[in-house]
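Taking it in order: structure first as structure tokens, then the write-up.
The values are calculated or read from the model by the stated rules, or taken from the named source; none is laboratory data. None of the values given here were measured: they were computed from a predicted structure. Reconstructed Cβ throughout: ideal geometry from the backbone, glycine too, with neighbour counts over all protein chains shown.
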Amino acid sequence: MAIVGSGVSDSAKYEIVVIGSGPAGLSAAARAAELGASHILLEASDQLALTIQRYQKGKHVMAEPGFLPLRSGIEFDAGTRENILSNWEQGAAKHKVNVAFRAEVIAITGEKGAFEIETRRGQRYHAKSIVLAIGLQGNPRLLGAPGQEADFVQYQLDDPDEYRDETIVVVGAGDAAIENALALATHNRVYIVNRRDEFARAKEGNLNKITDAINRGKVQGLFNTTVKEVIHKAEDNKPGVLLLNTADGEVRIPVNRVIARLGAIPPRDFVEKCGVQFPSDAPAAVPELSAQYESNVTGLYIIGALGGYPLIKQAMNQGYEAVEYIRGNPIKPVDHDLLAKKFAGLPFDYDVEEMLAFLRNEILLFKPVNPLRFRELILESNVFCPPPGDVIFARNDYTDSFYYVVDGWVEIVVDEEKDTRIRVTAGQFFGEMSLISGRRRSATVYAGEFCVLIETPRRSMMRLINSIDEVKRRIDEVFMLRAIHSQFAPNSDLSDLGELISSAELRNYNRGEVLFAEGEEGDELHLVRRGSLTVSRYINGRDVVLSYVPAGKYVGEMGLLGNIRRTASVRAAVPTETVVMKSGPFLQLLGRDPELKTQVEEQIRQRLSLNSRIEAGGEGGELLSFLMAQGLGEATDVLLIDESLCIRCDNCEKACADTHEGTSRLDREAGPTYAQIHVPTSCRHCEHPHCMKDCPPDAISRNASGEVTIADNCIGCGNCESNCPYGVIQMAYPGNKQPSVWSRILFGSEAKTTKSADAQKRAVKCDMCTSLKGGPACVRACPTGAAIRTSPENFVDLIKRGG
Amino acid sequence: MHTGFLRFADAAYLKVSIILSLASIVAYWWYDPLEPANGGTWLGFTLGSIGAGLIVWLTLYGMRKRSYRSRMGTVQGWLSAHVYLGVSLIIIGTLHTGFQFGLNIHTLSYVLMLIVIFSGMWGVVLYARFPELITLNRNNLTRHSIFREISELDRKASLLVEALGSPIDRMVITSIQLFSVGGGVWSQLAAHDSSKMMIPIMKGDKRQWKKVGNSQQAYLLDMLAQQVSVCRDPAISAVLQELSDVIRTKSGLTGRLLKDIRMQGMLELWLYIHVPMTFALLAALSAHIVSVFYYW
Ligand SMILES: Cc1cc2nc3c(=O)[nH]c(=O)nc-3n(C[C@H](O)[C@H](O)[C@H](O)COP(=O)(O)OP(=O)(O)OC[C@H]3O[C@@H](n4cnc5c(N)ncnc54)[C@H](O)[C@@H]3O)c2cc1C
Ligand code: HEM
Ligand code: SF4
Ligand code: SF4
């Protein structure tokens, strides 16, 4: 391995320069070396694969997805972090990969055949082609002061016990800075530098600890202070000096070490500066790439996490393939055989590439999707030919995948009683309602003749919708049409709805935002398509919640019937999207359809009678407000404990631990209580589970009966744990054997987990005991009936009960 | 939304229990044995068998409660049945004796049974009252967060005393060190606060430190009040006031904590009569059955 020194520019012109030495970049560089291409691998840090280096010690790294073979000159299989890193180092040495460390690339200019690459230390490299593989972790924000690249300035702290009797300045005011300062303070003299006068961004626990440490003089706190300069000159036996601007003037501190914890800068800005385009502004967007991983900048290839592929194996395969493509070898992608198998049963005489092209052409929705994403989408999807009459999904199922009709047709039952069906034919899609609302299927779908379908999982669809605006727009259009049709006019012709639909629009509301307020004038009707609303009135000087409106229901109907002064306020309980309709065209529809008119009148009557009951009932409305404030507006199934019945025996937790490898997935005591109703810390199986957002192996899913569960292919990365806003996911060791009933009775044995060397921590949370026939063990084990699981629709019972 | 175990399934087991009891009474009243009423008549034998069966089944509740995978009803249903059928044993068991009591194993079994039953009824009363009181007393805090708040108050107090100097600082610090709640079963149930603190005593011109009780910080609060009243320095006085506020809050939290410990203790303690007496009952019952058949 060659290491290029600071400031030296490299006059050679490389055939391939690979940027970033993660699994993607390393695999690319190794392939280049194997093929004898002149190359260099530029890595910002001083180690290979910084992201992997930063995993916790001893972490078991998984090789997901299992079905995908590995294609790389570098070895990779599931194993400990240490094993994998040492394999990679050996692999790099074996292939004589040419690496330059501490070479953070800050600019790419030029064009195919003549790129120029500049690093932070001022070196320049020249390349014909570039493979960009810098991942998504971003680069640490730098000190932003002269001298910041000194050796004794670091942006990370692996093991605080490594340092003793040093003078260390930690710069930053977030949790990482505070945790580092506290950990180092046991054996060192530690300063913490904060630009402001308080630690506003830190967690409560850290805030207390650091305030305490500063008050006790264990850590020296420097507030309203910025770094002026890092001086590379030894003083007092220390390698350098830190010059600070404080409120009382300049301060010099001779230091052994400066640790800057100022957060990370996401790589997008840098990538855009290189000329690469993103299809949308959404943070989840990934750059446009060709089937050969080439970006819109010809000669610049993007692979790995940065290209939208979140797993190590995918990243390594792409590294290999990208280099082959650069060298002009049109190899078949490694997933070719998998796709061939997928397409095997279909009634089309095409090979894999032809089939992909055909599908992309056939289905309108896919027009804006680039070939690479499309291929991935199909790989994640299921292609099948159901026999006529088969149920694709049934009304009230909790499935949430999305379907396209490739050939033939399906029939959607829009009116159960009259068995009114509409036909969805080749080129169209269905299943978008549940995808958007996160709720049960609103209709049953039957296969028609010659039916060929593609079924895409929710996760893949969401990724697509979030990154390509055009796909979102097309789905939204169809959604509005069908939602209005099935909700208000299942028996009228679509053409009758033209005006209503063209006057309708989509609106987004943040949590707590008001759609309309009591006393206001307004005649718009809102159909909730995602999220949920609360309806409240001002009673005795307080805002009292009267009801909860889930996705699929509508509000504002009173305005339609002439009563344009709103009688109640409506707010978003969680982030919510509604379809807004104007009263004019809607009234025309009512005029034509007497049945609909009675239906709307009936809803108004029910709502009014419920409202008056609550107003008389007292506490119920406040209880409902409380529950909504706990975020239960987005729950589908929630554990509620009536504390006036709960004898605090914790049999619920014991039952959970016993049936779930020794770790209770609920924390009975934690969580708030109002009017004796307690919301313990336990999964609520959200309509749009936040936990699913960022799971690299897609291990989290919702099953047909509605439970959100985590499968065995969890890699233990902890993303879901931090994404769940309700703190219900834990990382835990499994415990295989639980004590028997007898040892519990005789010796009081408790549930246990194993912690052996090869055990791997995994994400665990409530799975509603799907594997037990009887239902949730916690509820079944509660002696007094204090614990129940219920859904927000039933909260109305609470109100009727008056508390 | 929630239904307690007493109202489980519209109190179906209450109905079963009433029917069973009435049937036993009617049978007892109607049946006229040749010999004096006792467990040896066919009715006595029948009632005895039902009773013994019930006792064994009532004991099995402890197993069902811990069989977390069991699909045999819910624990709530079992408890509902346990409670109502358990009470019906008073009638079934009493009629089984035929009112023949003496100083023997038979009567011992009967007495043990009544102890278990009445302790159970006491348990039900506790289950009905205490949960709600515990919540009200907790005031949305967990026990853990109460402890955390107390240690936060201690931290504040120890920073405040730095401005005061001896001997108040030492008194406050020792009150923190010698803070103690909980302890043995008895002090838990008595809501006993065994916290102490050290105070200086002048013996001639020598100063000695003596330990005194500081239950719910009362002693310390008195000390502080007295100090405030004699303090002439407004700055020091302000600090003393602030310190008093902190200690008063701590005293309030301690009160809550003690009450919480006491009530949770009460919710469990009765089981320490109910369960051991159950095992004593099972032993006595076995002896009773063996001896009856042996002498038959
Ligand atoms: C905690 C955790 C656990 C995970 N566990 C697993 C697992 O078990 N199995 C699995 O398959 N995946 C796992 N993943 C995902 C996996 O780490 C990533 O998918 C993978 O690292 C992506 O590889 P990459 O090469 O694209 O980017 P990275 O691995 O992020 O590598 C990027 C490299 O580029 C360097 N770099 C960045 N910017 C520059 C620049 N400007 N100039 C030069 N170099 C630069 C970085 O220092 C880094 O070394 C996990 C992720 C996390 C966070
Ligand atoms: C001879 C009769 C009875 C026997 C043998 C018996 C036995 C038991 C046993 C073994 C337990 C399990 C304790 C544990 O494992 O935690 C128990 C619990 C209990 N029993 Fe009884 N019992 C009897 C009668 C009663 C009666 C009459 C009542 C009430 C009226 C009653 C109320 C309870 C209650 C409330 C519990 C605690 C439930 C819990 O916390 O899980 N028992 N009993
Ligand atoms: S784990 Fe959290 S985010 Fe996921 S479904 Fe449960 S409560 Fe919602
Ligand atoms: S099992 Fe029921 S009574 Fe016991 S702690 Fe849990 S909710 Fe409370």
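Of note:
- Helices (runs of 4 or more DSSP H) within the range B:198-296 that include 2 or more residues under 30 Å from A:I647 (Cβ atoms) and either more than 16 Å from ligand 4 (Cβ to nearest atom) or free of Cβ contacts under 8 Å to residues at least 40 places away in the same chain (or both): B:234-269, B:271-295
- Just one of the listed residues (A:L666, A:L632, A:L624) is more than 16 Å from ligand 1 (Cβ to nearest atom), modelled with pLDDT of 90 or more and more than 26 Å from B:D260 (Cα to Cα), and it is A:L632.
- The range A:759-786 residues that are facing chain B (nearest Cβ under 7 Å), paired with ones that are buried (at least 22 other Cβ atoms within 10 Å of the Cβ) and among the charged types (D, E, K, R) (beta carbon under 6 Å, 6 or more apart): A:G774/A:R780; A:A786/A:D642
- Of note, B:I50 does not satisfy the criterion of being closer than 16 Å to B:L285 by Cβ, more than 14 Å from every other protein chain (Cβ to nearest Cβ) and touching a residue at least 60 places away in the same chain (Cβ under 8 Å).
- Within the range A:235-322, strands (runs of 3 or more DSSP E) holding 2 or more residues that are among the polar types (S, T, N, Q): A:240-246
- Test: residue in the range A:102-118 that is in a strand (DSSP E or B) and hydroxyl-bearing (S, T, Y): yes
- Among (1) touching a strand residue (DSSP E or B) at 6+ places or on another chain (Cβ under 6 Å); (2) within 19 Å of A:R684 (Cβ to Cβ); (3) more than 14 Å from ligand 3 (Cβ to nearest atom) - the single one A:G716 does not satisfy: (2)
- Taking the range A:661-711 as the range and being at the interface with chain B (Cβ under 10 Å from one of its Cβ atoms) and either of a type in the set (S, T, Y) or farther than 30 Å from B:L133 by Cα (or both) as the test, the residues that pass are A:T673, A:Y674.
- Residue match in the range A:586-604 (condition: within 33 Å of the chain's Cα centre (by Cα) and β-branched (V, I, T)): no
- Pick from the range A:635-651, criterion within 11 Å of another protein chain (Cβ to nearest Cβ) and farther than 20 Å from B:N140 by Cβ, ranking: nearest to ligand 1 (Cβ to nearest atom): A:N651
- Output for the range A:430-445, where each listed residue is touching a Ser or Thr at 6+ places or on another chain (Cβ under 6 Å) and in a helix (DSSP H, G or I): A:M433
- Positions within the range A:648-702 being within 16 Å of ligand 2 (Cβ to nearest atom) and assigned to a loop (DSSP other than H, G, I, E, B), in sequence order: A:R648, A:C649, A:D650, A:R668
- Checked against (1) surrounded by fewer than 21 Cβ atoms within 10 Å (Cβ to Cβ); (2) modelled with pLDDT under 90, A:A114 meets all criteria but (2).
- Condition met for A:E721 (within 16 Å of ligand 2 (Cβ to nearest atom) and surrounded by fewer than 18 Cβ atoms within 10 Å (Cβ to Cβ)): no
- Of all residues in the range A:204-218, none are modelled with pLDDT of 90 or more and buried (at least 20 other Cβ atoms within 10 Å of the Cβ).
- Qualifying positions in the range A:390-409 - assigned to a strand (DSSP E or B), more than 20 Å from A:A704 (Cα to Cα) and out of contact with any helix residue (DSSP H, G or I) (no Cβ under 9 Å at 6 or more places or on another chain): A:V405, A:W409
- Residue check, A:C686 more than 19 Å from B:T3 (Cβ to Cβ), of a type in the set (A, V, I, L, M, F, W, C), more than 16 Å from ligand 1 (Cβ to nearest atom) and outside the structural domain of A:E376 (by TED's automatic domain parsing): yes
- Entry remark, the range B:169-192: residues being part of a helix (DSSP H, G or I) and either closer than 19 Å to B:L159 by Cβ or touching a strand residue (DSSP E or B) at 6+ places or on another chain (Cβ under 6 Å) (or both) number 9 in total.
- When B:I55, B:I91 are screened for being surrounded by 15 or more Cβ atoms within 10 Å (Cβ to Cβ), within 20 Å of B:L282 (Cβ to Cβ) and away from chain A (no Cβ under 14 Å), only B:I55 passes.
- Residue within the range B:4-18 that is of a type in the set (S, T, Y) and modelled with pLDDT under 95 present: no
Matching residues to (1) exposed (fewer than 14 other Cβ atoms within 10 Å of the Cβ); (2) assigned to a strand (DSSP E or B); (3) of a type in the set (A, V, I, L, M, F, W, C); (4) assigned by TED's automatic domain parsing to the domain that holds A:N237:
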{"position": "A:L143", "(1), (2), (3), (4)": "no, no, yes, no"}
{"position": "A:G147", "(1), (2), (3), (4)": "no, no, no, no"}
{"position": "A:L157", "(1), (2), (3), (4)": "no, no, yes, yes"}
{"position": "A:I168", "(1), (2), (3), (4)": "no, yes, yes, yes"}
{"position": "A:I178", "(1), (2), (3), (4)": "no, no, yes, yes"}
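- If the condition is being closer than 19 Å to A:M462 by Cβ and of a type in the set (G, A, S), then the range A:277-335 contributes A:S280, A:A282, A:A284, A:A285, A:A305, A:G307, A:G308.
- Unique residue being under 20 Å from A:G552 (Cβ atoms) and more than 16 Å from ligand 3 (Cβ to nearest atom) when the list is A:L610, A:L587: A:L610
- The range A:124-138 residues that are closer than 24 Å to A:Q314 by Cβ, paired with ones that are within 16 Å of ligand 4 (Cβ to nearest atom) (beta carbon under 8 Å, 6 or more apart): none
- Residue, nearest to the other protein chains (Cβ to nearest Cβ), within the range B:31-47, restricted to residues that are surrounded by 15 or more Cβ atoms within 10 Å (Cβ to Cβ) and in a helix (DSSP H, G or I): B:L47
- The range A:773-793, subset away from ligand 4 (no atom under 11 Å from the Cβ) and either within 29 Å of the chain's Cα centre (by Cα) or modelled with pLDDT of 95 or more (or both), residue farthest from A:L645 (Cα to Cα): A:E793
- The requirement of being over 13 Å from A:S644 (Cβ atoms), in contact (Cβ under 8 Å) with a residue 60 or more places away in the chain and hydroxyl-bearing (S, T, Y) is fulfilled nowhere in the range B:146-160; no residue meets it.
- Filtered by the rule that a residue be without any contact (Cβ under 8 Å) to a residue 60 or more places away in the chain, within 13 Å of ligand 4 (Cβ to nearest atom) and either outside the structural domain of B:A11 (by TED's automatic domain parsing) or of a type outside the set (S, T, Y) (or both), the range B:60-77 gives B:K65, B:R66, B:V75.
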